[in-house]
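Single-structure report; data block below.
The values are calculated or read from the model by the stated rules, or taken from the named source; none is laboratory data. All values reported here derive from a predicted model rather than from experimental measurement. Positions of Cβ are generated from backbone atoms using ideal geometry, with glycine treated the same way; all protein chains shown enter the neighbour counts. The area values use the complete protein model at the heavy-atom level, side chains included, leaving out ligands, DNA and RNA. Shrake-Rupley method; radii C 1.70, N 1.55, O 1.52, S 1.80 Å.
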Amino acid sequence: MAETVLETAGLTMRFGGVTASDNVDFKLRTRELRCLIGPNGAGKSTFFKCVTGLLTPSDGHVFMRGQEVTGWHPHQVAALGVGIKTQTPNVLDALSVHENIWLAARRFFDPAEAGARTDEMIDRLALGPIARAELGQLAHGERQRVELGLVAVADPWLVLLDEPAAGMSAEDVERMTAIIHDMTRNAAVVIVEHDMQFIRSIAETVTVFHQGAVLMEDHVDRVMSDETVRRVYLGKKA
Amino acid sequence: MRRPAARDVAGILVASALLIAVMPMLIGTYTLTVLVIYGMLGLSLGLIWGFGGILCFGQAAFFGLGAYVYAISAVNIGESTLPMILAVLVTAGFAALLGAMMFYGRLGDVYLGVITLVVTLILFKFINTTAGPQYVIGKARLGGFNGIPGFQTLNVPGDPEAYIWGDQLFYVCAVALVIVVLLVTWLLRSSFGRIAVGIRENETRMALMGYDVAARKTVLFAVGAAIAGLAGALFANWAEIVTPNLFSLGQSAEIIIWCIVGGLGTRLGPIVGAAGLAYLKFMLGQQSMIDNTLIMGLVLVLFVLFLPRGLVPAVASLWRASVGRGTRRRPSRHRRLRHG
Ligand SMILES: Nc1ncnc2c1ncn2[C@@H]1O[C@H](COP(=O)(O)OP(=O)(O)OP(=O)(O)O)[C@@H](O)[C@H]1O
Ligand SMILES: [Mg+2]
């Protein structure tokens with residue numbers, strides 16, 4: 001059996017009266033590509049935040065490659081080799097595309113290596129012409145691409161992507177899909193998406209969240225045709 | 001910061017050499033010395049605020065601490081070299097402790113401002129109460145509101161009789177400032193500096209990249225304090241007395257105003273702001289028609305309204321536009337008060 005890179009046991013996050021994550025047991029194998037779906041407010045982003053240390057869970061445990069990381073600070077989790085693209089853009093707006101990616105690379109590589117990897121990533125993302133542009137001036141899709149780039153350049157073994165396709169053009173999505181497939185050569189990737197087209201094109205196993213809890217976890221085809229899932233989620237969208 | 005390092009350094013050296021040669025012909029060296037010292041003090045806050053996003057309301061505390069550590073150890077040691085070093089190290093150490101408490105405590109920007117302000121106030125109040133003869137450190141009486149006079153001032157290292165004062169003190173201070181500017185330049189070009197700027201822009205993202213934000217802010221805070229401490233020690237040598245007023249909130253507020261007027265996010269801005277406003281204050285002090293705090297307030301308001309990015313960035317963009325490189329994007333957008 002392949003190694004489990006991420007595991008949560010009874011993960012629960014309460015905000016006052018709201019239980020945003022409810023007793024989530026989740027397992028991810030090495031180099032697996034997993035999609036998370038669920039209606040708005042289902043607790044997908046909260047789950048990501050608990051895993052990366054942006055939130056400290058009210059209850060339950062998070063393990064990474066067998067090591068308990070519950071309650072760790074975000075930088076400690078990230079230092080293990082975990083990258084996340086948050087739902088709202090989380091980039092350095094006043095700095096250049098190059099600087100954004102370089103800073104991510106520099107954390108794990110010496111300056112020369114970081115420079116080389118940054119240039120390589122900029123090429124791969126076709127960001128060359130705007131490499132020196134200030135990020136805040138760029139279009140939404142370009143900024144998403146940069147955020148993906150700064151996650152990928154650090155060579156993580158676990159990648160969490162919260163709605164990476166949101167607001168992207170078809171061409172952007174295609175490029176991103178290629179990069180995600182690239183990443184799965186070294187990393188397990190979890191993607192939160194609402195775009196069913198995209199999910200169908202990329203996913204094998206899909207986990208469905210509903211009201212903070214895992215409703216179902218199965219192959220994408222079975223999930224898409226499941227009655228309950230259609231009712232809580234797809235029915236609303238279609 | 002995309003200019004080649006060699007050009008940057010050459011520019012700094014040429015400009016400083018010119019200024020050091022020319023300025024004494026225009027303004028007396030006694031006044032110039034204190035302008036240079038204030039320039040260094042301005043730079044100390046400009047570094048941590050403009051490049052690290054740490055708005056410290058108590059930079060005067062480090063300035064005063066440097067001055068007092070110098071004075072107290074100079075009285076005890078009778079030679080200036082070690083006291084100068086101690087002034088820098090003790091101040092940096094104090095700031096590292098204070099910074100670690102604030103940054104590891106993950107205090108918000110507002111609390112950071114409040115705490116640095118309160119620390120300044122406490123030091124001010126405490127030193128003021130030390131008038132009695134029981135307040136001594138070694139041979140040095142703290143002297144309360146009277147301060148500490150009559151300590152050994154700057155001398156050629158190893159020779160306590162060879163005092164450095166007057167014109168010579170000016171040259172020492174000016175060269176010290178140039179060295180500090182070069183060190184700051186080097187720091188900002190290093191990975192550490194670039195990461196600090198990243199933290200200024202978005203702490204969460206930097207943490208998610210794996211950077212220990214608290215540790216890095218603590219170090220930067222201590223570096224800023226070390227520079228302020230050095231400025232304080234030089235000030236003690238210039239004034240030949242240290243008093244609790246060095247710790248005053250008014251002084252802290254002035255440093256912040258220097259940075260805003262001169263321009264945050266530049267190395268030159270806070271220096272120019274400090275020297276310029278200090279000189280203005282000095283000129284205003286020679287007349288009694290208008291209250292000079294009123295003028296200072298007016299200057300600040302005018303700048304905030306009409307040149308919100310400060311003098312140096314404004315002049316720099318004018319310059320770039322006039323030499324036809326106006327199409328280049330601004331190096332950064334400074335969101336002054338958002339980041340603490
Ligand atoms: N910091 C917070 N404080 C209080 N409630 C919160 C907080 N963050 C999330 N919630 C609540 O927790 C629930 C789950 O939110 P979450 O953002 O995880 O949903 P999501 O599945 O990512 O939704 P979406 O698809 O809209 O992004 C929601 O009801 C939300 O209002
Ligand atoms: Mg979400």
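For the protein assembly as shown, the fraction of 1.4 Å probe accessible surface lying on carbon and sulfur atoms is 61 percent.
Seen from B:M102, the other residues with C-beta closer than 14 Å to its C-beta sum to a net charge of +1, counting Lys and Arg as +1 and Asp and Glu as -1. Think of it as helices only: each DSSP H run of n ≥ 4 in chain B is worth -39500 (n - 2.57), and spread over all residues that comes to -22500 deg cm²/dmol at 222 nm.
Computed with a 1.4 angstrom probe on protein heavy atoms, the B-A interface buries about 2400 square angstrom of accessible area in total. Count Lys and Arg as plus one, Asp and Glu as minus one, and take only other residues whose Cβ is under 12 Å from that of B:T185; the net charge is then +3. Between A:R31 and A:F63, the modelled labels are 2.2 nm apart [label points 7 Å from Cα along Cα→Cβ]. Is the shape of the protein assembly as shown rounded, prolate or oblate, going by the alpha carbon gyration tensor and its root eigenvalues a ≥ b ≥ c, with a/c under 1.5 for rounded and a/b larger than b/c for prolate? Prolate shape, in that a/c is at least 1.5 and a/b is the bigger ratio. For region B:16-157, a/c is not less than 1.5, where a ≥ b ≥ c are the root eigenvalues of the C-alpha gyration tensor, and a/b does not top b/c. That puts it in the oblate class.
Ordered by solvent-accessible area of protein heavy atoms (1.4 Å probe), largest first, the residues A:H98, A:H210, A:H73 come out as A:H73, A:H210, A:H98. Taking every alpha-carbon pair under 8 Å whose residues sit at least 6 apart, region B:28-248 reaches a relative contact order of 45 percent. Our note on the geometry: Cα centres of region B:69-100 and region A:134-155, 45 Å apart. The Cβ shell under 14 Å around B:A275 holds other residues with a net charge of +1, Lys and Arg each +1, Asp and Glu each -1.
Just so you know, the averaged projected area of the alpha carbon convex hull for region B:28-248 sits at 12.1 nm². Accessible surface for region B:1-48, divided over its residues, is 48 Å² per residue with a 1.4 Å probe. Surface listing: A:W72, B:W258, B:W165, A:W157 arranged by accessible area from highest to lowest gives B:W165, A:W72, A:W157, B:W258, probe 1.4 Å. Note that chain A presents 41 Å² accessible area per residue, ligands and nucleic acids not counted, probe 1.4 Å.
Here the contact order of chain A, divided by its residue count and restricted to Cα pairs under 8 Å and six or more residues apart, works out to 27 percent.
Could you tell me which of rounded, prolate or oblate describes region A:17-81, using a ≥ b ≥ c as the square roots of the eigenvalues of the alpha-carbon gyration tensor, with rounded for a/c under 1.5 and, failing that, prolate when a/b is larger than b/c and oblate otherwise? Oblate shape, in that a/c is at least 1.5 and b/c is the bigger or equal ratio. Among beta bridges identified by DSSP and lying wholly in the protein assembly as shown, the antiparallel ones come to about 60 percent.
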